[in-house]
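Heads up, the thing below is written out as structure tokens.
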Amino acid sequence: MAQEQPTPLERFIQGILPENPIYRQLLGMCPTLAVTSGMGSAMTMAGATAFVLICANLLVSIIRGLLQPHLRILVYTLSIATFVTIADRALAAYMYDMSKQLGPYIPLIIVNCLIICRCEVCGSKQGPAAALGDALGQSLGFALGLGSIAAFREILGEGLFFGFQTLPEAWPGWKIMIMPPGAFLTLGLLLGLVNHVSARRKAAGEAGN
Amino acid sequence: MTEEENVRQEPRETRKGPGFLGQAWLVLTLSICFGAGLAAVQAKLGPIIQKNKDNEMLSQYTLVPTAVKGRFLEGNKDVVEALDAGDKLVGYVVKGSGVGFADKVEVLIGLDGRAETITGIFVLSQKETPGLGDKITREPFLANFRGIPADGNLEVDKKGGTIVAVTSATVSSETVTYTVNRAVREFQKWLSTEKKE
């Protein structure tokens with residue numbers, strides 16, 4: 001038979017750091033750059049994406065036996081679009097101000113490659129337990145990635161964290177951090193840092209052997 | 001031998017794949033189920049979302065100076081009466097909408113008690129270009145509409161008027177200007193008929 005499929009626990013752990021959606025897979029770059037100007041919007045986006053990812057992955061996993069190869073992408077997109085619509089309406093009903101702040105980026109979760117990628121790689125091939133583990137791990141990794149960039153941008157850009165004053169009032173606030181250039185700069189720097197650290201670790205591991 | 005081979009091969013050649021329904025039944029079933037699910041979600045959440053939107057409009061009584069609360073006009077969700085502490089009418093907040101560069105633009109316009117002065121505007125919703133057209137939601141563009149006469153003939157500076165348009169966002173700026181004009185004129189017409197009664 002084909003090679004051993006990862007267990008649910010392995011899927012979960014892989015998603016957090018080793019296969020982190022932002023720093024390793026470089027997926028979902030659009031929301032990463034757009035909504036990370038503050039921790040509040042970043043975490044809301046992470047939560048909405050988690051909801052869609054978990055529901056879509058579970059659904060695809062349950063119906064994986066019925067999928068036609070040439071229609072599977074259509075089924076993925078249909079499911080993802082439905083769950084995103086539910087998430088969008090729920091946000092507009094229960095977190096109206098945040099919904100207005102996030103604007104078009106919640107509906108854009110539909111085209112977040114991360115979700116359709118997990119459906120294809122894991123949901124369509126493994127059972128619900130593995131799909132759930134994968135979705136949870138990737139969601140956590142996505143939240144970690146968004147949070148790291150948002151923390152950077154909010155603290156340096158406004159001296160706030162989740163809206164609370166973290167740096168002294170005297171901090172001038174680097175306005176560029178809140179604007180798109182700041183997003184690109186932060187992502188680039190943090191990505192470089194992650195690559196550097198993992199390269200060092202790999203070299204150390206090889207040296208140890 | 002050859003005949004057997006031919007017989008064995010024929011079924012494979014003439015066997016047709018599943019027809020349209022055989023292939024599409026899953027997609028069709030999912031579509032129907034999702035559609036029903038979303039309809040249920042809309043039925044449950046629609047009223048809550050509408051309430052949020054109403055509250056947002058009511059909270060814009062602040063467009064009228066000296067007002068401390070707002071209340072919808074009887075049976076008219078497009079107009080909010082701005083009241084002071086003694087429940088006296090001090091102004092109105094009128095909703096207008098127009099088609100912007102990208103999509104619909106909704107604007108709230110603060111008017112004084114006699115609808116003769118525009119006290120300010122607030123852009124309720126827009127989908128204009130981020131960084132360009134969406135500057136209509138911020139200063140200094142909003143300042144164009146603070147304390148100006150409500151003559152319904154505002155024009156952007158490019159066409160010789162008083163409204164300083166956002167650079168590189170003329171269409172968005174014009175949309176807001178003409179939306180304000182239209183809403184103000186309609187409201188003034190309505191107000192004059194109300195007063196006559």
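The values are calculated or read from the model by the stated rules, or taken from the named source; none is laboratory data. Computed from a prediction, not measured in an experiment: that's the story for all the values here. Please note: Cβ atoms are built from the backbone with ideal geometry, for glycine as well, and neighbour counts cover all protein chains shown. Heavy atoms of the whole protein, side chains included, go into the accessibility calculation; ligands, DNA and RNA do not. Shrake-Rupley method; radii C 1.70, N 1.55, O 1.52, S 1.80 Å.
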Quick one: length gained pulling B:K77 to B:Q42 fully straight, 0.36 nm per residue minus the C-alpha distance?
10.6 nm
Nearest 100 Å² is fine: what is the total accessible surface buried where chains A and B meet, probe 1.4 Å?
1800
If a/c stays under 1.5 just call it rounded; otherwise compare a/b with b/c (prolate if a/b is bigger, oblate if not). Do that for region A:106-209, with a ≥ b ≥ c from the square roots of the Cα gyration tensor eigenvalues.
oblate
Please report, as a whole percent, how much of the solvent-accessible surface of region A:1-41 comes from carbon and sulfur atoms (probe radius 1.4 Å).
64
Just add up the charged neighbours of B:E128: K/R +1, D/E -1, any other residue whose Cβ is under 15 Å from the Cβ of B:E128.
+1
Virtual paramagnetic centre 7 Å along Cα→Cβ of B:S97, amide N under 14 Å, in region B:56-78
B:57, B:77-78
Could you pull out the GluC sites (Glu not before Pro) across region A:114-182 that fall in loop regions by DSSP (anything but H, G, I, E, B) with no more than 13 other Cβ atoms inside 10 Å?
A:E169
Using only the alpha-carbon atoms, what does the protein assembly as shown span along each of its principal axes? Please give whole angstrom values in decreasing order.
101, 63, 42
Cα-based reach from A:K100 at 24 Å (exclusive), listing lysines while leaving out same-chain residues under 8 positions away:
A:K175, B:K44, B:K51, B:K53, B:K69, B:K77, B:K95, B:K104, B:K127, B:K135
Sort largest first and round to whole Å: the equivalent ellipsoid semi-axes of region B:64-127, each the square root of five times a Cα gyration tensor eigenvalue.
24, 12, 9
In whole percent, what relative contact order does chain B give with Cα contacts below 8 Å and a gap of six or more residues?
13
Taking amide H atoms as placed 1.01 Å from N in the peptide plane, list the residues 5 or more away in sequence, or in a different chain, whose amide H sits under 5 Å from that of B:F72.
B:E81
Given a 1.4 angstrom probe, I'd like the percentage of the accessible area of region A:45-100 that is carbon and sulfur, rounded to a whole number.
70
Please state the shape class of region A:1-99: rounded when a/c is under 1.5, otherwise prolate if a/b exceeds b/c and oblate if not, all from the C-alpha gyration tensor.
oblate
With every protein chain kept in place and ligands, DNA and RNA left out, what is the accessible area per residue of chain B? Probe 1.4 Å, answer in Å².
59
Take each uninterrupted DSSP H stretch in chain B, measure its Cα extent along the helix axis, and return the ones at 20 Å or beyond whose mean Kyte-Doolittle hydropathy is at least 0.5.
B:20-58
From the helices alone, meaning DSSP H stretches of at least four residues, give me the mean residue ellipticity at 222 nm for chain B, per-run term -39500 (n - 2.57), in deg cm²/dmol to the nearest 500.
-14500 deg cm²/dmol
Chain B - percent of accessible surface contributed by carbon and sulfur, probe 1.4 Å
56
Accessible area (Å², per residue) of region A:34-116, counting only protein heavy atoms and a probe of 1.4 Å:
39
FRET efficiency for A:V111 and B:S125, Cβ-Cβ distance as r, R0 = 30 Å, nearest 0.05?
0.85
Which sequence of A:Y96, A:Y76 reflects their accessible areas, 1.4 Å probe, from the largest down?
A:Y96, A:Y76
For A:L66, B:L124, write out the residues from largest to smallest accessible area, computed with a 1.4 angstrom probe and no ligands counted.
A:L66, B:L124
What residues of region B:36-51 lose no less than 40 Å² of accessible area with every protein chain in place versus their chain by itself (probe 1.4 Å, heavy atoms only)?
B:L38, B:V41, B:L45, B:I49
Working from the pairwise distances between different alpha carbons, so that the mean of 1/r is found and then inverted, what is region A:50-99's Kirkwood radius in Å?
11.8
Qualifying GluC sites (Glu not before Pro) in region A:1-39, DSSP loop, other Cβ atoms within 10 Å at most 15:
A:E4
Rounded to the nearest 10 degrees, what's the angle between the helix A:39-62 long axis and the longest principal axis of chain A, both from Cα atoms, 0 to 90?
0
Using Cα atoms only, what is the angle between the long axis of helix A:128-158 and the major principal axis of chain A, expressed in degrees (0 to 90) to the nearest 10?
10
Give me the accessible area of B:T162, 1.4 Å probe, in Å² rounded to the nearest 10.
100
Region A:68-164: Kirkwood hydrodynamic radius (Cα pairs, Å) comes out at 15.4
Round to the nearest 10 and give me the degree value, 0 to 90, for the angle of helix A:180-208's Cα axis relative to the longest principal axis of chain A.
60
Starting from the residue with the highest accessible area, list B:S168, A:S99 in decreasing order, probe 1.4 Å.
B:S168, A:S99
Return the tail of the calculated pair distribution for chain B, meaning the percent of Cα-Cα pairs more than 31 Å apart.
40
B:T66 to B:D151: FRET efficiency via 1/(1 + (r/R0)^6), r the Cβ-Cβ distance, R0 25 Å, to the nearest 0.05?
0.65
Please calculate the 1.4 Å probe accessible area of B:T62, with all protein chains present, and give it to the nearest 10 Å².
90
Could you please tell me the mean projected area of the C-alpha convex hull for chain A, averaged over all directions and given in square nanometres to one decimal?
14.3
So how exposed is A:L185, as accessible area in Å² (1.4 Å probe, rounded to 10)?
90
